[in-house]
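Working notes, beginning with the structure itself.
All of the numbers you see were taken from the coordinates with simple rules; none came from a lab. If you're wondering where the values come from, they're calculated on a predicted model, not measured in any experiment. Cβ placement follows ideal geometry from the backbone for every residue including glycine, while neighbour counts extend to all protein chains displayed.
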Amino acid sequence: MADVTLDEVVALCKRRGFIFQSSEIYGGLGSTYDYGHYGVLLKNNVKAEWWRAVVQERDDMVALDAAILMHPRVWEASGHLEGFTDPLVQCLGECKKRWREDHVRESQLGDEGAEGEISCPECGGELSEPMQFNLMFETHMGPTRESGSEVYLRPETAQGIFVNFKNVLQFSRKRPPFGIAQVGKAFRNEITPGNFIFRTREFEQMEIEFFVPPDDAPEWHKRWMDERMRWYAELGIREDKLRLREHGPDELSHYSSATSDIEYLFPMGFSELEGIANRGDFDLRQHAKFSGEKLEYVDSATGDRYVPHVIEPSAGADRATLAFMVDAYDSEEVEGRERVVLRLHPRLAPVKVAVLPLVNKDGQPEKAREVYEELRGRMPAEYDTGGSIGKRYRRQDEIGTPWGVTVDHETMEDDTVTLRDRDTLEQTRIPIGELGAELERRLAEPWTSPKSG
Ligand code: GAP
């Protein structure tokens, strides 16, 4: 099992303003969350690292930002109107709660497709026959709610990519193999959301649709599995907490010929972080059929034409953020006191350096402010004068700040400061003039979690 509980992470998120229950003053709204200052900075860093890895550091990928609301025919073509359903059962006993039948089967019979009797997980009551429940949120476009005005909040960002295939092909000067990357909100009316930001009704996806010549699809599928596993590991997730799991035939989505999930050992057990599917030519063919547009690649030199196959690495930005926090959470005893620390990869940390005057007098606050103002142009920094130095360090440890700079009486004499390392607690003396370059050097270094091994 993981070495931290979800409750500990949730408490830290609230205590330090990472993530709050949505609409809290009205009692909260089921399984929707708001991100506060440090949560926004952390999730932005997760997304920025994704953009860096999949677009900036490659030649074969372009970016897209499609609208959340799309033509309703998109969802007919994609199969979501018909098939994006979960089997819903209701307790006929005392509690009347609703459950996902496949989840109850998995927890009570060991497999989501297993035959056999199941009962209400809450009160043991009998369960109703399953009913297929569509997960798409419906709304209306225009001033009246007449029939024909229904539109849907997208349940995945992927369809925005498929319907733009022709536009991108025309303007990007790319040919298969190439991909389109997108980050954006998706919405699902989940029957049983839960586990904090693991499964919510509104969430962010980071999706790639990678278009390849049909014969090359299996090889690209493998390449993307390796690539995406590497991304999580390079950003500090311990490798023994990550695994790749292939879907069985009864688990595959209607569009997929093969899917593997990258799973992380969350406090509730190994669970999906990202799915990597071989979608074949299902989506382009469906949209060609429903829209009447030709969605294919034509090689201008040879005249060859084909419908590319698609490899889809589809990750959740909120789930990844939760995994990075769970993996980073640590507590230890230092000088007889408990120290809670988020051992985040420095590139993911919301704040890279905190500048703290040792005492609030003798010119130290002014000097610290000067150092801070010079550093914040180079990296996210914080200046903190509130409370004892120990209390300020504890705060920075809990938000995962990798380095702390202390301005003390010696600074006022020789322009040197103390540089403290979050993980080793090592303190070194360094001239102020060298500080920015030294921190940038450390930030660029490969990093391994001190919790490994
Ligand atoms: N386009 C393919 C697709 O959407 P998915 O496996 O349903 O595939 C991809 O979703 C990723 O989106 C998941 O691996 C997960 O990280 C994230 N995700 C899906 N549903 C979610 C939810 N209700 N809350 C938070 N993240 C979710």
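Consider the stretch 145-194 and keep the residues that are of a type in the set (A, V, I, L, M) and more than 11 Å from the ligand (Cβ to nearest atom). The one that is nearest to GLN205 (Cα to Cα) is VAL183. Give the residue that is nearest to GLY194 (Cα to Cα), with candidates limited to residues of the stretch 261-293 that are part of a loop (DSSP other than H, G, I, E, B) and touching a residue at least 24 places away in the same chain (Cβ under 8 Å). Among them, the one singled out is MET268. Quick one: which strands (runs of 3 or more DSSP E) lie wholly within the stretch 301-381 and hold at least 3 residues that are without any contact (Cβ under 8 Å) to a residue 40 or more places away in the chain and over 21 Å from ASP421 (Cα atoms)? Ranges flagged: none. Determine if the stretch 271-286 includes at least one residue that is surrounded by 15 or more Cβ atoms within 10 Å (Cβ to Cβ) and basic (Lys, Arg). Yes, the stretch 271-286 has at least one match. From the list PHE203, PHE210, the one residue that fits, being in contact (Cβ under 8 Å) with a residue 40 or more places away in the chain, among the aromatic types (Phe, Trp, Tyr), within 11 Å of the ligand (Cβ to nearest atom) and surrounded by 15 or more Cβ atoms within 10 Å (Cβ to Cβ), is PHE203. Within the stretch 82-106, the residues that satisfy the criterion of being within 30 Å of ARG154 (Cβ to Cβ) and free of Cβ contacts under 8 Å to residues at least 60 places away in the same chain are GLU82, THR85, PRO87, VAL89, GLN90, LYS97, GLU101, ASP102, VAL104, ARG105, GLU106.
I'd like to check something: does the stretch 302-320 contain any residue that is within 15 Å of the ligand (Cβ to nearest atom) and basic (Lys, Arg)? The answer is yes, given that some residue of the stretch 302-320 is within 15 Å of the ligand (Cβ to nearest atom) and basic (Lys, Arg).
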